[in-house]
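Heads up: the structure comes next, in structure tokens.
The values are calculated or read from the model by the stated rules, or taken from the named source; none is laboratory data. The structure presented is a predicted model; accordingly, all values stated were derived computationally and were not measured. Cβ coordinates were reconstructed from backbone atoms using ideal geometry, including for glycine residues, and neighbour counts include every protein chain displayed. For accessibility, only protein heavy atoms count, side chains too; no ligands or nucleic acids. Shrake-Rupley method; radii C 1.70, N 1.55, O 1.52, S 1.80 Å.
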Amino acid sequence: MNLGDEMQRVFRRISKSGNIALLLLWHVLHLILSVLYIIREIFYAVESYLITNGYVKTYTNLNLDRVKYLGLVVDSDEARKTSQVIELLEWLSAIGVKKVCLYDREGVLKKSKEVFVERFGSAELPNENSKTIPLLSKKRMDFEFVSITDGKEAVAKAANLLFKKYYVDADSEKPFFTETYLTEALRTLEPDPDLLLIYGPARCLLGFPAWRIRYTEMVHMGPLKYKKYGLILKAIHRFTKVKQNFGS
Amino acid sequence: MAEDPIIATDNSLKKLELERSDDTVSRFLGGLNHTIRKLVFRVISSGPIPQHIAFILDGNRRFAKKWKMTEGAGHKAGFLALMSVLKYCYEIGVKYVTVYAFSLDNFNRRPDEVQYVMDLMQEKIEGFLKELSLVNKYGVRVMFIGDLKRLYEPVRVAAEKAMAATAGNTKTYLLVCVAYTSSHEIPRAVYESCEEKNGVMNENGSVNGDVNTGNGSEVVVKMVDIEKHMYMAVAPDPDILVRSSGETRLSNFLLWQTTNCLLYSPKELWPEMGFWPLVSCILEFQKNYKYLEKKKKQA
């Protein structure tokens, strides 16, 4: 019995130290990964520099026709730095993007709506003929501001609308709700974004309205503070080359 | 160690492994491979392991084109990759695995391809049913998610048999999405919630007279009701969604459930998916774990 107990104690000690050894290895592994990520970031910075300054000919002429509606998902904590967001929008405007859907979970961007619209929206021109002021119209972008309340909660509201429409009257015909019924009840005026750029630590949708991203390409751009102009060009260029089968 | 039942169900893979293991050197290498895998999994297990991983099986046809195989052979290679990935997931301790096997949009493909995939699914499900005792021993519950009425009759029958046969298992779950799209799932959940609320109200008489008088502020259907009626309500939301072949879209898959989910797009085509891409995916999840947990709590 004593020998058995002794052996059990030894095994327990070995397994405990084994676990500690594995945990140590795990930390070492993640440390190596962090170093690799830093190297990758440096590589991206160099690549962005080359693209921005026109050394890479592939990205000089972008076919922006395919990017009819660009979506931006920004982490709410980073969205509070309005100047960073404005800089990003200026870059997009310079590239030639006309319509942008701005999303952040908590609605921080929604609260700063006036700032963006004033900066990029069409100013109230005393002269109706905007052709005489080409510079202003070039900077102009149309925005849509979206937050978490436009996501699942909006579907719940739409469900209530549908319920009131079809179920209040006991004798009325109750159709099976397809996508068409829900789209109508949701009353979304804007189309689905073609390309979604995600600014945050992780490639995560953070609650962007689900039914608006069925076939949207989603690219992770890293944290907002490390945004790079050249990488936006790269993401848009890659998007224009994508061929979607839509399941067929 | 007993052979994993999921691998055991595919006889062709068994034969392949037998042929390979005849040679002493390859048996040694196989054993070494197994040990390395075990070691890597044990190291990774020191950190958080995802509870639920979802896979979009993209790239079978491109794989077939790349290796000059028929499309059917590409799908078969995809199936073998699926079996390996499932084995690794369960080895590392993932409880729920969801796969996007067939979308409602895929019915738009050429009829002969649709027929081939349906036949392949039927063949594999029936093969699986033959190894039930082993499957039940490992506690794998198989569920088919989607508009099953749209499936070809023999496939639907086989799927329902598989679901019934494994209904008692609770250790690990395999959710196979067939004839599924989120744009079908979400409106259907809304419809089912409305039907349920209507049924409840009819039972209780006109208790909520407010609705009948057109009071706009009455909230009958809540978000929890809709979530309850989703096809995917049987499992928690996925922690990682993996789409192979480097494509960055979701193609109408789990749109409602991926609010706080890490999206991962390895460059490998689906038949090339295996051990190392899965390890990279879990490491990526571990790197972002704290951030994702913070976001989940905020919801």
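Of all residues in region A:165-177, exactly one satisfies the criterion of being out of contact with any Phe, Trp or Tyr (no Cβ under 9 Å at 6 or more places or on another chain), facing chain B (nearest Cβ under 7 Å) and open to solvent by 40 Å² or more (accessible area, probe 1.4 Å), namely A:168. Being acidic (Asp, Glu), surrounded by 13 or more Cβ atoms within 10 Å (Cβ to Cβ) and without any contact (Cβ under 8 Å) to a residue 12 or more places away in the chain holds for only one residue in A:77, A:65, A:5, and it is A:77. In region A:222-239 there is at least one residue matching the filter, namely being part of a helix (DSSP H, G or I), within 10 Å of another protein chain (Cβ to nearest Cβ), out of contact with any Lys or Arg (no Cβ under 8 Å at 6 or more places or on another chain) and surrounded by fewer than 21 Cβ atoms within 10 Å (Cβ to Cβ).
Residue count for region B:157-206 under the criterion of being surrounded by fewer than 20 Cβ atoms within 10 Å (Cβ to Cβ) and more than 14 Å from every other protein chain (Cβ to nearest Cβ): the result is 12. Each residue in region A:1-59 was checked for being closer than 30 Å to residue A:231 by Cβ and at pLDDT below 85, and 6 of them qualify. Looking at this structure, is residue B:283 in a helix (DSSP H, G or I), in contact with a helix residue (DSSP H, G or I) (Cβ under 8 Å, 6 or more places away or on another chain), at the interface with chain A (Cβ under 9 Å from one of its Cβ atoms) and farther than 27 Å from residue B:183 by Cβ? Considered against the rule, which asks whether it is in a helix (DSSP H, G or I), in contact with a helix residue (DSSP H, G or I) (Cβ under 8 Å, 6 or more places away or on another chain), at the interface with chain A (Cβ under 9 Å from one of its Cβ atoms) and farther than 27 Å from residue B:183 by Cβ, residue B:283 comes out as yes.
Scanning region B:96-114 for residues that are assigned to a helix (DSSP H, G or I) and either farther than 19 Å from residue A:246 by Cα or touching a strand residue (DSSP E or B) at 6+ places or on another chain (Cβ under 6 Å) (or both) gives a single hit, B:104.
Annotation: of all residues in region A:178-191 being outside any loop (DSSP other than H, G, I, E, B) and either in contact with a Phe, Trp or Tyr (Cβ under 9 Å, 6 or more places away or on another chain) or of a type in the set (Asp, Glu) (or both), the one that is surrounded by the most Cβ atoms within 10 Å (Cβ to Cβ) is A:182.
If you check B:224, B:219 for being at pLDDT 90 or above and open to solvent by 10 Å² or more (accessible area, probe 1.4 Å), only one passes: B:224.
Is at least one residue of region B:120-139 farther than 21 Å from residue B:268 by Cα and either within 14 Å of another protein chain (Cβ to nearest Cβ) or outside any helix (DSSP H, G or I) (or both)? Looking through region B:120-139, at least one residue is farther than 21 Å from residue B:268 by Cα and either within 14 Å of another protein chain (Cβ to nearest Cβ) or outside any helix (DSSP H, G or I) (or both). Looking only at residues of region A:159-175 that are touching a Lys or Arg at 6+ places or on another chain (Cβ under 8 Å) and modelled with pLDDT of 85 or more, we find that the one that is farthest from residue A:118 (Cα to Cα) is A:166.
Each row is one residue, and each column tells you yes or no for (1) under 24 Å from residue B:156 (Cβ atoms); (2) at pLDDT below 90; (3) within 11 Å of chain A (Cβ to nearest Cβ).
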{"site": "B:44", "(1), (2), (3)": "no, no, yes"}
{"site": "B:48", "(1), (2), (3)": "no, no, yes"}
{"site": "B:70", "(1), (2), (3)": "no, yes, no"}
{"site": "B:74", "(1), (2), (3)": "no, yes, no"}
{"site": "B:87", "(1), (2), (3)": "no, yes, no"}
{"site": "B:90", "(1), (2), (3)": "no, yes, no"}
{"site": "B:98", "(1), (2), (3)": "yes, no, no"}
{"site": "B:113", "(1), (2), (3)": "yes, yes, yes"}
{"site": "B:117", "(1), (2), (3)": "yes, yes, no"}
